[in-house]
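Here, each number is a calculation from the coordinates, and none is a lab measurement. Keep in mind that what you see is a predicted model, and the values were worked out from it rather than measured. Here the Cβ positions follow ideal geometry from the backbone for every residue, glycine too, while neighbour counts run over all protein chains shown.
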Amino acid sequence: MQFPRCFLGGIAMVFAGVFAPLGAGETPALTYDNFESPQRCTACHKEIVQEWRQSLMAQAYTHPWDEQEYFKLALPHALKDAKVAEVKAGCIGCHSPLAFLTGDIPPQRVAAGTRANEGVSCDVCHSITGTTEEEPFNFSYITEVDGSKTGRYPDAKSSRHGIKVTEFLGSPKLCAICHDEQSPYGAWVKETYREWKAGPYAKEGVRCQDCHMYHAPGKAALGGKERPRVARHTFHGSHTPSKLAGSVDLALYADRTTAEPGEDIVVRAVLFNGKTGHYIPSGSTEERMLWLEVTAAGPDAAARVIPVEPKGFPGEEYTIADGSILAYQDMGAIMEIENFKGISRDGDVPKGCRIFRRPFFDPQGRMTICQWNTVKNTAIDYRIGPRETKIERYAIAVPTDAAAGELTVRARLLYSQIPTSLGRFLQLPAEESAPITVNEAVIVIAIEK
Ligand code: HEC
Ligand code: HEC
Ligand code: HEC
Ligand code: HEC
Ligand code: HEC
């Protein structure tokens, strides 16, 4: 187990050549004035600025759930538990790199309107020239702050700023700096890059940039050259329903086309992750759920949820929904709530549904959504890997008094950023936990008497 490199992260090179590593308690050499705000790029990069503003990376500090988690949970926890003290600055290293690099820790709340609100801005990515790690994680960026922007076109010229061509800009390692994270306990609590690296897309040379930044003919700047593949800055992910939709194929098969009352029908649901370059869910897997809801409705009966058939692997109980089970008890001590028993583990996911997830466990062995308080998260991993297929089985008993007609079996694959129970507990906007449809399938069986 490697000690997390939180405080080795964020090395800044000021005015090309002067090396200024940031140490704990040291006065940083940089101020916000060393970085330009995205507003200043609008005149010439209008569309790129518009795209970026709508992306989650522009909201990495201001997005309501991020603000709540930092100020209600992580910061108070860091101030009372020495083991996790480093996250006071650590969260900010990825969510507001300018605040981190300028030593504005903790930054002011969002309402104060400081430049911490800029999140992962243009100048963050376009100042990074490398990483201190072979395989990056935990904001291990090396930034060169000299007014010029990193780019990929040797023939690009701008009257407004210098351009330095770096291969690093086009490398998935740039993304790994923030998309892979190790907890203070050494657990890999985000590993989208490592999942990608071990999967088929890395071998085929398909980068993060190829799936999350679309490329199209046009100009990258007003006054720039016409180019065949300009990189657009949409960065769509799970917060964009159209990106999520259809990312997993879903097909249903029944072992018969007709059935009689009293018979059992066996239905198989086949799920194929053909579009994500990593597991689904990926990223903040401590709180993400993907679940399959299978219902059956007869000609004379309302739709009822059919529970998945267990496969019998260790820890499987965490992957079968049961809203009555309590979890996330560590929030009680952090938020100083006496006799806190926890909140529903699975929120409103109907009982018996298969959940594709990876549970995280705190030092007391309880399930947690506090990724920084995670000791273990590898024992149970029932997510769907890139190009992996998973098959689930359902047994449907046709009632002995069923009327003749059609039995409709419907499968819905749904996704949520956080359990509804957590959204209500922390009073987050409803859209943070609202289920998003990934796919649907229907199969009809004739009931004959
Ligand atoms: C006065 C106009 C202007 C402004 C303002 C401006 N740029 Fe540019 N920028 C350009 C031009 C022109 C190019 C060259 C485009 C080309 O040739 O394709 C360019 C290119 C770039 C490139 C790509 C270089 C490459 O080789 O890939 C980056 C990155 C960039 N600018 C970032 C920024 C950022 C960040 C800001 C705001 C802080 C900004 N620019 C403000 C005009 C501008
Ligand atoms: C999360 C990191 C990130 C952020 C934030 C970001 N960029 Fe980029 N930018 C990139 C990457 C990566 C590329 C090159 C893409 C590739 O290799 O296909 C790029 C390319 C560019 C280019 C050249 C276009 C091309 O075809 O390569 C311009 C211009 C640019 N960015 C401007 C901006 C501006 C302006 C902003 C802020 C509104 C911004 N970038 C924010 C990562 C970022
Ligand atoms: C400086 C840190 C940093 C770098 C570098 C970075 N990201 Fe991010 N990224 C973040 C943070 C923080 C979030 C989460 C924002 C939130 O949910 O508040 C995020 C979110 C995202 C999302 C999620 C969008 C969604 O809808 O859920 C995508 C996709 C993404 N980044 C792609 C990339 C790609 C591709 C690269 C490399 C070209 C990259 N990022 C580089 C910090 C970074
Ligand atoms: C083959 C295309 C592909 C590649 C390559 C790819 N992604 Fe994705 N990614 C997707 C799709 C599709 C989604 C939406 C479904 C989902 O949320 O998993 C997604 C979702 C995400 C999310 C949101 C995850 C969540 O559940 O909150 C992040 C963050 C992300 N990608 C980052 C990356 C990074 C970083 C890389 C490179 C290491 C990368 N992606 C490579 C296709 C790709
Ligand atoms: C190594 C970089 C890194 C560190 C350190 C980090 N984060 Fe994040 N965080 C990310 C990225 C990247 C995502 C987006 C992943 C995804 O889309 O699934 C994210 C997502 C989140 C989300 C989820 C947003 C959503 O829409 O569901 C919250 C909340 C959050 N982070 C808070 C924190 C807090 C609090 C800390 C400190 C304890 C922290 N982060 C530390 C990179 C980081």
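Go through segment 389-425 residue by residue and tally those that are surrounded by 15 or more Cβ atoms within 10 Å (Cβ to Cβ) and part of a loop (DSSP other than H, G, I, E, B).
Selection size over segment 389-425: 5.
For segment 225-238, which residues satisfy the criterion of being closer than 18 Å to His179 by Cα and either within 15 Å of ligand 2 (Cβ to nearest atom) or of a type in the set (D, E, K, R) (or both)?
Taking segment 225-238 first, the residues closer than 18 Å to His179 by Cα are 233-238.
Residues satisfying the conditions are His233, Thr234, Phe235, His236, Gly237.
Which residue, of Leu244, Leu271, is in contact (Cβ under 8 Å) with a residue 60 or more places away in the chain, away from ligand 4 (no atom under 12 Å from the Cβ) and closer than 20 Å to Gly199 by Cα? Talk me through it step by step, then tell me what you get.
Working: Leu244 fails: away from ligand 4 (no atom under 12 Å from the Cβ).
The match here is Leu271.
In this structure, does His278 turn out to be within 16 Å of ligand 1 (Cβ to nearest atom) and buried (at least 18 other Cβ atoms within 10 Å of the Cβ)? Steps first, please.
Details: within 16 Å of ligand 1 (Cβ to nearest atom): no; buried (at least 18 other Cβ atoms within 10 Å of the Cβ): yes.
For His278, the condition - within 16 Å of ligand 1 (Cβ to nearest atom) and buried (at least 18 other Cβ atoms within 10 Å of the Cβ) - is not met.
What is the one condition in (1) within 6 Å of ligand 1 (Cβ to nearest atom); (2) farther than 23 Å from Gln39 by Cα that Arg152 does not satisfy?
(2)
Residues that are within 16 Å of ligand 1 (Cβ to nearest atom) and under 27 Å from Cys44 (Cβ atoms), at least 1 per element: which strands (runs of 3 or more DSSP E) completely within segment 155-242 meet that?
Because the criterion is at least 1 residues that are within 16 Å of ligand 1 (Cβ to nearest atom) and under 27 Å from Cys44 (Cβ atoms), the strands (runs of 3 or more DSSP E) in segment 155-242 that meet it are 163-165, 215-219, 226-231.
Report the residue count in segment 95-142 for those that are more than 16 Å from ligand 1 (Cβ to nearest atom), among the polar types (S, T, N, Q) and out of contact with any Ser or Thr (no Cβ under 6 Å at 6 or more places or on another chain).
Residues that pass the stated criteria total 3.
Give all pairs with beta carbons closer than 8 Å in which a residue from segment 52-73 that is without any contact (Cβ under 8 Å) to a residue 24 or more places away in the chain meets a residue that is in a helix (DSSP H, G or I) and within 12 Å of ligand 2 (Cβ to nearest atom); count only pairs at least 6 apart in sequence or on separate chains.
Between residues of segment 52-73 that are without any contact (Cβ under 8 Å) to a residue 24 or more places away in the chain and residues that are in a helix (DSSP H, G or I) and within 12 Å of ligand 2 (Cβ to nearest atom), the close pairs are Arg53/Pro38; His63/Leu56.
I'm trying to understand the selection: among the residues of segment 138-172, which are touching a strand residue (DSSP E or B) at 6+ places or on another chain (Cβ under 8 Å) and at positive phi?
Within segment 138-172, just Asn138 meets the criteria.
Hey, does segment 61-83 have a residue that's more than 9 Å from ligand 5 (Cβ to nearest atom), touching a Gly at 6+ places or on another chain (Cβ under 8 Å) and under 30 Å from Thr374 (Cα atoms)?
So far as segment 61-83 goes, yes, one or more of its residues are more than 9 Å from ligand 5 (Cβ to nearest atom), touching a Gly at 6+ places or on another chain (Cβ under 8 Å) and under 30 Å from Thr374 (Cα atoms).
Quick check: is even one residue across segment 114-127 away from ligand 5 (no atom under 14 Å from the Cβ), assigned to a loop (DSSP other than H, G, I, E, B) and β-branched (Val, Ile, Thr)?
Yes, segment 114-127 contains at least one residue that is away from ligand 5 (no atom under 14 Å from the Cβ), assigned to a loop (DSSP other than H, G, I, E, B) and β-branched (Val, Ile, Thr).
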